[in-house]
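Peer 1: One structure coming up, written as structure tokens, with questions to follow.
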Amino acid sequence: MENQEHDLHQNIKGRPLTREAALLSSLYLGPVQYYSKLYACDAVVEDRGEHFEKQSFRNRMCIAAADGPLELTIPIVRDGRMRQPMREVRISDHGRWQHLHWTALVSAYENSPYFEYYADDFRPFYEKTFHYLVDFNAALQQTVCDLLQISPKREVADHYIDIVPPDCVDYRALIHPKRSWTEDPHFRPAPYYQVFQDRSGFLPNLSIVDLLFTMGPEARLILRASFCADKALNVLKS
């Protein structure tokens, strides 16, 4: 009976679909593409030693607003170096970015099916002060994983991973706003209901909050359907 209960618990949480680990960047409420790896892979390694890159998902997310896609960017403190490791990137305390981001989320999703249900989980992140970007991103990621009931084995690398282990798939450069999700052989976004779909059509690969606020617990099904395994991956049988 104990083993049966354990198996059922694993199924509810979402069984990994591949034995490979995913090498990922630290992202601000990353897109569906990113979370499909957290759902499907047996383990994930977050590289905090890689250099911060402007105009990336590291401090930027994209949501669906009434007028179309809307990018929300966290201001950071630059220390003058051309190459700054992610683990050292500090969040700027100038401006009212937290208030602006939360206001944008409320405006975009207050009429979505699950925003009211999850709002109290996210609001504190836009009221509390965070000093380091990776800490803010990691805390949000943990909240999202808890809400989605997914629990991959996670490791943090403080130094840049130059040589990728053979049992690890490097997605760091693939998950980027300047690159099309079609370049990722392991991702094909499954369609789902979106609040402004009648105006903008379906917008693929938005921030995970778009999927979570509109689909709730069923978001796990979309993540599973969006992960495309191929012969290069060691796929686990259901």
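Peer 1: Within segment 120-142, is even one residue surrounded by fewer than 20 Cβ atoms within 10 Å (Cβ to Cβ), more than 27 Å from Pro85 (Cα to Cα) and in contact (Cβ under 8 Å) with a residue 12 or more places away in the chain?
Peer 2: yes
Peer 1: Is there any pair linking a residue in segment 93-104 that is among the small types (Gly, Ala, Ser) to one that is surrounded by 15 or more Cβ atoms within 10 Å (Cβ to Cβ), with Cβ under 8 Å and at least six apart or on different chains, and which?
Peer 2: If the second residue must be surrounded by 15 or more Cβ atoms within 10 Å (Cβ to Cβ), the pairs left are Ala104/Ile63; Ala104/Ala65; Ala104/Leu70; Ala104/Leu72.
Peer 1: Restricting attention to segment 129-137, does a residue exist that is out of contact with any strand residue (DSSP E or B) (no Cβ under 9 Å at 6 or more places or on another chain) and part of a loop (DSSP other than H, G, I, E, B)?
Peer 2: So far as segment 129-137 goes, no, none of its residues is out of contact with any strand residue (DSSP E or B) (no Cβ under 9 Å at 6 or more places or on another chain) and part of a loop (DSSP other than H, G, I, E, B).
Peer 1: Given the residues Tyr132, Tyr126, Tyr117, which is the only one that is at pLDDT 95 or above and within 20 Å of Ile222 (Cβ to Cβ)?
Peer 2: None of the others qualify; the one that does is Tyr117.
Peer 1: Give all pairs with beta carbons closer than 7 Å in which a residue from segment 145-172 that is outside any strand (DSSP E or B) meets a residue that is of a type in the set (S, T, N, Q); count only pairs at least 6 apart in sequence or on separate chains.
Peer 2: From residues that are outside any strand (DSSP E or B), the pairs are Cys145/Ser151; Arg172/Ser25.
Peer 1: Can you tell me how many residues within segment 150-181 are among the polar types (S, T, N, Q) and modelled with pLDDT of 95 or more?
Peer 2: Residues that pass the stated criteria total 1.
Peer 1: If you don't mind, another one. Tell me the helices (runs of 4 or more DSSP H) entirely within segment 2-109 that contain at least 3 residues that are at pLDDT 90 or above and over 18 Å from the mean Cα position of the chain (by Cα).
Peer 2: The qualifying helices (runs of 4 or more DSSP H) are 97-109.
Peer 1: Quick one: in segment 193-229, of everything that is assigned to a helix (DSSP H, G or I), surrounded by fewer than 21 Cβ atoms within 10 Å (Cβ to Cβ) and of a type in the set (Gly, Ala, Ser), which residue is farthest from the chain's Cα centre (by Cα)?
Peer 2: Among those that are assigned to a helix (DSSP H, G or I), surrounded by fewer than 21 Cβ atoms within 10 Å (Cβ to Cβ) and of a type in the set (Gly, Ala, Ser), it is Ser200.
Peer 1: So which residues in segment 152-171 are surrounded by 14 or more Cβ atoms within 10 Å (Cβ to Cβ) and either closer than 19 Å to Ala139 by Cβ or touching a Pro at 6+ places or on another chain (Cβ under 7 Å) (or both)?
Peer 2: Result: Pro152, Arg154, Val156, Ala157.
Peer 1: Still on this structure, I have one more. Assess whether Ala190 counts as being part of a loop (DSSP other than H, G, I, E, B), touching a residue at least 12 places away in the same chain (Cβ under 8 Å), out of contact with any Cys (no Cβ under 9 Å at 6 or more places or on another chain) and over 29 Å from Ser92 (Cβ atoms).
Peer 2: yes
Peer 1: Right, next: Exactly one of these conditions fails for Asp198: (1) in contact (Cβ under 8 Å) with a residue 60 or more places away in the chain; (2) of a type in the set (D, E, K, R); (3) over 19 Å from Val144 (Cβ atoms). Give me its number.
Peer 2: Of everything listed in (1) in contact (Cβ under 8 Å) with a residue 60 or more places away in the chain; (2) of a type in the set (D, E, K, R); (3) over 19 Å from Val144 (Cβ atoms), Asp198 misses just condition (1).
The values are calculated or read from the model by the stated rules, or taken from the named source; none is laboratory data. As the structure is a computational prediction, the values presented were derived from the model and not from experiment. Glycine also receives a Cβ, built like all others from the backbone with ideal geometry; neighbour counts cover every protein chain displayed.
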